[in-house]
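What follows is a short report on a single structure.
The values are calculated or read from the model by the stated rules, or taken from the named source; none is laboratory data. Fair warning: this is a prediction, and the values are worked out from it, not measured in the lab. Every residue, glycine as well, gets a Cβ built from its backbone with ideal geometry; the counts of neighbours run over all protein chains shown. Surface accessibility is based on the protein's heavy atoms, side chains included, excluding ligands, DNA and RNA. Shrake-Rupley method; radii C 1.70, N 1.55, O 1.52, S 1.80 Å.
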Amino acid sequence: TKWTKDRIIADAHENNVHFIRLMFTDIRGTIKNVEIPLTQLEKALENNMTFDGSSIEGFVRIEESDMYLIPDYDSWMIFNWDVPSDGGRIACLICDVDTTKREPFLGDPRGNLRRVLDKMEDLGFSSFNLGPEPEFFLLKLDEDGRPTMDLNDDGGYFDFAPTDLGENCRRDIVLELERLDFEIEASHHEVAPGQHEIDWKYNDAIRACDKIQLFKLIVKTVARRHNLYATFMPKPIYGESGSGMHFNVSLFDKDGKNAFYDESTQDQLSKNAHYFIGGLIKHASAYTAICNPLVNSYKRLVEGYEAPVYIAWSERNRSPLIRIPSSRGNSTRVELRSVDPSANPYLALAVILQAGLDGIENKIEPPMPIDRNIYTMTPEERIAEGVFDLPSSLSEAIAEFEASPIMKDALGPHISDNFIAEKTMEFESYKKQVTQWELNKYLMMY
Ligand code: ADP
Ligand code: MG
Ligand code: MG
Ligand code: MG
Ligand code: MG
């Protein structure tokens, strides 16, 4: 059932919708929304809703500040929470952003992803699928409603009271997501205290990214109801596992068949799957800044916590950047394990797709898979096997991105330039900090 303008308006009336959130995502990955009352819904559905783009960091210059919001009818969704004062409901529409001249705005991450998807179609594929595995922490709030770092849960995560608190909250999150059309496949407590993961069935690229953005909103909203704060910060606690968001991806061809699957080969992976992996390996250093965009992201990408540190692929173990899960047929997929939940999903998927398509177009053969634990290899053994390190800091990652015309092209000059400028500033500001670690280590020694 495809939504039409009339169907959406009727559905809004039938369900007592009073407000509609027109949502889009900025370069940083933050969800923005313009909330309109029901009376304005028709105007919005006719693509006549404008907003001031200059109010959004890094979005537009002042002289081109009026932007149009173009709602995606298929994203129509009614939330299951009420407006407290009148019992009316809130719905949302996810939007693309057009310029005053009614052309796609080059700074819109969602619109940009469409551009890379067009290239994919030109190469003969019908869809790029993403199944994300986001992890997050649930933190207790203090009396003023601010998150605390007190997990009260000292490592053993089986039967402590705060963990139960988190588990109930997670069940409520799952129920809310199921009402909103997420096909939940698994939800579980993660390795670290207070850490959780929820997985749902994959979707094609745009829808999958929309769902990640909705997911974050719902997790945070439901957590608040349980007096908890949900954080997607990649590494909130020293000495514990950080939060990742593995990306499971696959290409389907024009007949809707999984283009990574080929039952006739030894590993049952197609030539194109190998080339796609080749592209992901080749461009790994260059797209890391987009998949791991925070100073803090690099505190997660360290040894000892199942997060990748080395650029390699494997069918068997979970230490390398890329793992090929054993399922075949329609679920043949490539799992990229570096991505963390602070990444803008639209940007991350654009660079990943571009990297993989470059592999396919240029028939890039990947190196041999590494089926042993890379952490136990010596540096000499790693060099011999062609295993290189991922960037180890945001500044290194930005430099690698900046030096890659192909990755910058995946985002276009507007987004690339803004991203580089903002992230350079972020790192410069971090560089000047004097941390508690330094005080502890040096103050009394010198
Ligand atoms: P893991 O073993 O790494 O924990 P999960 O089972 O938690 O993996 O998650 C697997 C994810 O991969 C799910 O989101 C699932 O829907 C998704 N997936 C399955 N088949 C495909 C496919 N063909 N393309 C993309 N994602 C897929
Ligand atoms: Mg999982
Ligand atoms: Mg699993
Ligand atoms: Mg996990
Ligand atoms: Mg995984």
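Of note:
- Of all the numbered requirements in (1) hydroxyl-bearing (S, T, Y); (2) open to solvent by 70 Å² or more (accessible area, probe 1.4 Å); (3) more than 28 Å from the chain's Cα centre (by Cα), T378 misses one, and that requirement is (2).
- Which listed residue is outside any strand (DSSP E or B), more than 21 Å from L411 (Cβ to Cβ) and touching a residue at least 24 places away in the same chain (Cβ under 8 Å), from G107, G87: G87
- Residue that is under 14 Å from A397 (Cβ atoms), among the hydrophobic types (A, V, I, L, M, F, W, C) and open to solvent by 10 Å² or more (accessible area, probe 1.4 Å), where the choices are V339, V309, V351: V309
- Look at (1) within 15 Å of ligand 2 (Cβ to nearest atom); (2) surrounded by fewer than 22 Cβ atoms within 10 Å (Cβ to Cβ) and you find that G244 fails only one, number (2).
- Some residue of region 107-118 being within 23 Å of the chain's Cα centre (by Cα), open to solvent by less than 10 Å² (accessible area, probe 1.4 Å) and of a type in the set (A, V, I, L, M): yes
- Test: residue in region 248-260 that is touching a Pro at 6+ places or on another chain (Cβ under 6 Å) and open to solvent by less than 40 Å² (accessible area, probe 1.4 Å): no
- Check on R300, surrounded by 22 or more Cβ atoms within 10 Å (Cβ to Cβ) and either touching a helix residue (DSSP H, G or I) at 6+ places or on another chain (Cβ under 6 Å) or of a type in the set (D, E, K, R) (or both): yes
- Yes/no for I212 being among the hydrophobic types (A, V, I, L, M, F, W, C), open to solvent by less than 50 Å² (accessible area, probe 1.4 Å) and in contact with a Pro (Cβ under 6 Å, 6 or more places away or on another chain): yes
- Any hit, region 69-76, residues being in contact (Cβ under 8 Å) with a residue 60 or more places away in the chain and buried (at least 21 other Cβ atoms within 10 Å of the Cβ): no
- Residues that are open to solvent by less than 40 Å² (accessible area, probe 1.4 Å), within 16 Å of ligand 4 (Cβ to nearest atom) and either modelled with pLDDT of 95 or more or under 21 Å from L353 (Cβ atoms) (or both) within region 174-196 comprise V174, I184, listed in sequence order.
- Odd one out for K220 among (1) within 22 Å of E167 (Cα to Cα); (2) in contact (Cβ under 8 Å) with a residue 60 or more places away in the chain; (3) open to solvent by 40 Å² or more (accessible area, probe 1.4 Å); (4) in a helix (DSSP H, G or I): (2)
- Of all the residues in region 165-217, those that are within 29 Å of R110 (Cα to Cα) and in a loop (DSSP other than H, G, I, E, B) number 6.
- For region 312-334, the tally of residues that are over 19 Å from Y375 (Cα atoms) and either surrounded by fewer than 22 Cβ atoms within 10 Å (Cβ to Cβ) or hydroxyl-bearing (S, T, Y) (or both) stands at 8.
- Contact map, region 186-209: first residue free of Cβ contacts under 8 Å to residues at least 12 places away in the same chain, second residue of a type in the set (D, E, K, R) and within 15 Å of ligand 4 (Cβ to nearest atom), Cβ cut-off under 6 Å, separation 6 or more or different chains; pairs are H188/E197.
- For region 9-27, the set of residues classified as in contact with a helix residue (DSSP H, G or I) (Cβ under 7 Å, 6 or more places away or on another chain) and either assigned to a helix (DSSP H, G or I) or among the charged types (D, E, K, R) (or both) consists of I9, A12, listed by residue number.
- Selection from region 173-213 of residues that are more than 14 Å from ligand 3 (Cβ to nearest atom), of a type in the set (V, I, T) and closer than 26 Å to P236 by Cβ: I173, V174, I212
- Test: residue in region 231-239 that is within 16 Å of ligand 5 (Cβ to nearest atom), surrounded by 23 or more Cβ atoms within 10 Å (Cβ to Cβ), under 16 Å from the mean Cα position of the chain (by Cα) and more than 27 Å from I364 (Cα to Cα): yes
- You will find that of R337, R328, the residue that is charged (D, E, K, R), touching a residue at least 40 places away in the same chain (Cβ under 8 Å) and more than 22 Å from A286 (Cβ to Cβ) is R328 and no other.
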